[in-house]
Amino acid sequence: MREIVTDVAIVGAGSAGLSAAYQAASAGADVLVIDENARPGGQLFKQIHKFFGSKEHQAGTRGFAIGEQLLAKVEQSGAKVWLDSLVYGLLPDKSMGVISQGLNYSVKAKKIIIASGAKENYMAFPGSTLPGVMGAGAAQTMINVNRVLPGERILMVGSGNVGLIVSYQLMQAGAEVVGIVEGAPKIGGYGVHAGKIRRAGVPIYVGHTVDCVFGEEEVEGARIVAVDEKWNKIPGTEKTFDVDTVCLAVGLNPMTELVWMAGCKFDFIPSFGGHVPLHDENMETTVKGVYVAGDVTGVEEASSAMEEGNMAGVAAAEALGYLSAEEADKRKQQIMERLNTLRSGMFGAGRRTSKEKQIQDMHTYLESHKRTDPQEEVLGV
Amino acid sequence: MREGVAYTGIPSAQELAACPGIPSRERMEKGRVAVIECVQEIPCNPCENACHLGAIEIGEQITNLPVLHEEKCTGCGMCVANCPGLAITIVDKTYSDTEAVIEFPFEYLPLPAVGDRVDAVSRGGEVLCQGTVTSVRKLKAYAGTAVVGIAVPKEYADSVRSMKRLKRR
Amino acid sequence: MRVIEHPILEELKDQKKATLYYNGKPIEAVEGEPIAAALMNAGIRVFRTTAKRHEPRGIFCAIGRCTDCMMIVDGIPNTRTCVTAVKDGMRVEKQEGLAPLNPQGASKAQ
């Protein structure tokens, strides 16, 4: 096993990880980003819509263009990016087991930033395992990155921003979307995204769920049904669609495996996708020197993930002495202001409340516990 | 079924009436003007930056709804392609005695050509009438978005907001 | 079906072609794309069957998490085709149930 020593090791080269890498490396830290995919950028390159936010969040710029800019900045900053490289373990002494291009490495970093992202939720119904039922994000990867249509006639399940945006992008790629099904009585995502769908003539069935998907070997059709306020199906309200593909946009959940392995303490926040690591304003967890950023800390969206990455990168650089407390504070305050802006309004304010609870719970934890220090505990230093 | 953008994806008449981005009836009669149908407080302000005339104001708090200063708006259309929500159209009720022009963002292929007859659709995608394409602009600054103008009978000026997608070749 | 023309993304061109062999049958693919994408483009959506009930499975997550897309690739079973890149001449076989973990035994799993 080869040993690699670095100041900062970052797991995940997506929105959060790359932002953290840029901040830490441009401050002077030696940074290694590790990602299991063949290409960097995480889920940014499949985002072909124009982002919201303000100029500071690069609003009005399409996701893939933001990804290209971020990659260029990371390259300039001197951070190293290992692709096709899997972090399979994080030991209590903070060393990471990595398989890269078939070789086994032990990466020892002074600071670790875990930015492993989230994965799509599954939803069970008769026929939900048939080929042709897939995550909306999976379909988005297929059309926008791999440039392959997953099907020609599609039913979307879920009307959050992912369901609305992917429906729109499926039509842009040339597919037909027969409708969007939403269990709740209201559309989950932005009205302006829903408006694009409606102008294209696609119905949004609120208060409906998937009754079943049918087909021999793969999807040949789907049936939806209205539900009452207790989510019971209302007989006689079924509608059948001739579709070859059903996309599920029913939320995501954080990929926290490495964070658990590191021994970090967790919170349970359903609106963030379930178990999320406790962290402070610096994005540092209950384990000293282990930071988290992006969807792994609670599912939000790409702009917030980039800002959390910025925060973790600045904090790690400061802790290593590459930034003065004064300079770091200035940057952190700006980042926090941008985060607060993103976490506001009728759709974002709830995320701010959740994030504040998560950070408050961290402080409550620290009142009665000491942060775990791997150096002390394992190495006895 | 309950009305309103949160239930249907289509702003209701009340939501549109209360929306500060929509010009007055008097301003509409005077010619080209932006119609900003942004009725939910989402964190977003590219329209404000896109307008060099200061006709769109959001302010510090970027979840504020965009306010249209209708006297400053010339209907240039820079905001149309810059709105990530595709919620802005330019309406010109002075195009001719009988027709109004609606310019809207369009991000599908194929694009129509000037002079084509197309199906003009409502906010709900319903075909209301036929329209004649008057312009198709796809500037670099639009970052991939095309802005298509169609002339429709005047009585549809407040209800036509897009066109039906054309069949892919 | 390939998305060649796109209103936002650049037109697809100059892609490096490769040939995949799906159950022995040649399929046109693009060098470096995920195997799953090439199969989907060719209209193949059933990638494997489950061990107990022999039910069909196809792509679900496309990010290497769910294992629904596992196939036998160049004799190696349980390969996640959504995160494994196409190389010219690659042999891809539908996986029936659990395949043995040692590659040498893979052919016996058929």
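List of remarks:
- Per-pair calculated FRET efficiency, R0 = 30 Å: A:E367 and B:E60 via Cβ, rounded to 0.05: 0.25
- Protein heavy-atom accessible area occluded, B/A pair - total, 1.4 Å probe, Å²: 3100
- What the range B:19-93 shows is 38 Å² of accessible area per residue, with the surface traced by a 1.4 Å probe over protein heavy atoms.
- Distance from the Cα centroid of the range A:226-262 to that of the range B:98-122 is 36 Å (rounded to whole angstrom).
- In the range A:133-155, burial by the other protein chains removes 50 Å² or more of accessible area from A:M142, A:N146, A:R147, A:V148, A:L149, compared with the chain on its own (1.4 Å probe, ligands and nucleic acids ignored).
- Carbon + sulfur, % of accessible area of the range A:315-378 - ligands and nucleic acids excluded, 1.4 Å: 49
- Global dimensions of the range A:276-343 from alpha-carbon coordinates: Rg and Dmax equal 11.4, 31 Å.
- Alpha-carbon Rg/Rh ratio, for chain C, with Rh computed the Kirkwood way: 1.00
- Cα-centre dipole for the range A:40-197 with unit charges at Cβ (Lys and Arg positive, Asp and Glu negative), debye to 20: 440
- The accessible area of C:T49, taken with all protein chains in place and a 1.4 Å probe, comes to roughly 10 Å².
- To the nearest 10, the accessible area of C:D14 is 150 Å² with a 1.4 Å probe.
- When the trypsin sites (Lys or Arg not before Pro) in the range C:1-93 are filtered for DSSP coil states and for at most 11 other beta-carbon atoms within 10 Å of their beta-carbon, the remaining sites are C:K13, C:K16, C:K52, C:R53.
- Our compactness index for the range A:173-217, the C-alpha radius of gyration over the empirical 2.2 N^0.38 Å, is 1.33.
- B:R165 accessible area, assembled protein chains, probe 1.4 Å, Å²: 80
- Cubic angstrom per residue, convex hull over Cα atoms of chain B: 118
- Comparing C:I76, C:I63, C:I35 in a Gaussian network model of chain C (Cα springs below 10 Å), the most mobile by mean-square fluctuation is C:I63.
- Label reach from B:S12 (point 7 Å along Cα→C-beta): in the range B:29-47, amide nitrogens under 17 Å belong to B:38-41.
- Per principal axis, descending, Cα span of the range A:87-210 in whole Å: 55, 31, 30
- Candidate residues B:S135, A:S271: accessible-area rank, largest first, probe 1.4 Å: A:S271, B:S135
- Estimated buried accessible area (total), pair A and C, 1.4 Å, Å² to nearest 100: 3000
- Protein accessible area in the range B:35-169, 1.4 Å probe - carbon and sulfur %: 51
- In the protein assembly as shown, taking the dipole from charged Cβ atoms about the Cα centre, the farthest positive-side position among A:I359, A:N310, A:Y168 is held by A:Y168.
- Computing Rg and the Kirkwood Rh from the Cα coordinates of the range A:205-321 gives a ratio, Rg/Rh, of 1.20.
- Note that the range A:47-146 shows a convex hull volume over its alpha carbon atoms of 194 Å³ per residue.
- Shielded by partner chains, the range B:62-111 residues - at least 40 Å² of accessible area, 1.4 Å probe, vs chain alone: B:I62, B:P84, B:G85, B:L86, B:E107, B:Y108, B:L109
- Interface of B with C. Using a 1.4 Å probe and counting protein heavy atoms only, the two chains hide about 500 Å² of accessible surface, both sides summed.
- For the range A:197-286, the per residue solvent-accessible surface stands at 43 Å², with DNA, RNA and ligands left out and a 1.4 Å probe.
- With R₀ fixed at 30 Å, the C-beta to C-beta distance from B:C129 to A:K230 puts the FRET efficiency at about 0.10.
- GNM top mover of A:Q58, A:Q101, A:Q360 - chain A, alpha-carbon springs below 10 Å: A:Q101
- Sites B:K140 and C:E5 - FRET efficiency at Förster radius 22 Å, r taken between beta-carbons, to 0.05: 0.70
- Taking all protein chains into account, the per residue accessible area for chain C stands at 50 Å² (1.4 Å probe).
- A 1.4 Å probe over all protein chains sorts B:T134, B:T74 by accessible area into B:T74, B:T134, starting with the largest.
- A cut-off under 11 angstrom between Cβ atoms defines the neighbours of B:T132, and their net charge, with Lys, Arg +1 and Asp, Glu -1, is -1.
- Computed over every Cα-Cα pair of the range A:263-381 and binned at 10 Å starting from 0, the pair-distance distribution P(r) comes out as 14, 43, 34, 8, 1 percent.
- Share, in percent, of DSSP beta bridges within the protein assembly as shown that are antiparallel, nearest 5: 65
- In the range A:324-373, the C-alpha radius of gyration followed by the widest Cα-Cα span (Dmax) gives 14.0, 40 angstrom.
- Counting every alpha-carbon pair across the range A:143-282, the share separated by more than 26 Å comes to 36%.
- Residues A:W260, A:W82 ordered from highest to lowest accessible area at a 1.4 Å probe: A:W260, A:W82.
- Choice from A:V287, A:V162, A:V227 showing the highest fluctuation, given a GNM over chain A with Cα pairs closer than 10 Å: A:V227
- Rounded percent of accessible protein surface that carbon and sulfur make up, the range C:1-99, 1.4 Å probe: 48
- The local environment of C:C82, defined by Cβ-Cβ distances under 10 Å, has a net charge of +1 under the rule Lys, Arg +1 and Asp, Glu -1.
- Two-decimal Rg to Rh for chain A - Kirkwood Rh, Cα set: 1.00
- Each label was represented as a point 7 Å from its Cα along the Cα-to-Cβ direction; for A:S128 and C:K87 these points are 3.8 nm apart.
- Net charge over other residues, Cβ less than 13 angstrom from the Cβ of C:M71 (K, R count +1; D, E count -1): +2
- Cα-based convex hull volume of the protein assembly as shown per residue, rounded to whole Å³: 168
- Within the range C:1-40, the residues that become at least 50 Å² less accessible when every protein chain is included than when their own chain is isolated (1.4 Å probe; DNA, RNA and ligands ignored) are C:M1, C:V3, C:E5, C:H6, C:P7, C:I8, C:L9, C:M40.
- Over the range B:94-169, all Cα pairs binned in 10 Å intervals from 0 give whole-percent P(r) values of 21, 54, 23, 2, listed from short to long.
The values are calculated or read from the model by the stated rules, or taken from the named source; none is laboratory data. Keep in mind the model is a prediction, meaning the values are calculated, not measured. Using ideal geometry, Cβ is built from the backbone for each residue, glycine included, and neighbour counts are taken over all protein chains shown. Ligands, DNA and RNA are stripped out before the accessible areas are found, and what is left, the full protein with its side chains, is counted by its heavy atoms. Shrake-Rupley method; radii C 1.70, N 1.55, O 1.52, S 1.80 Å.
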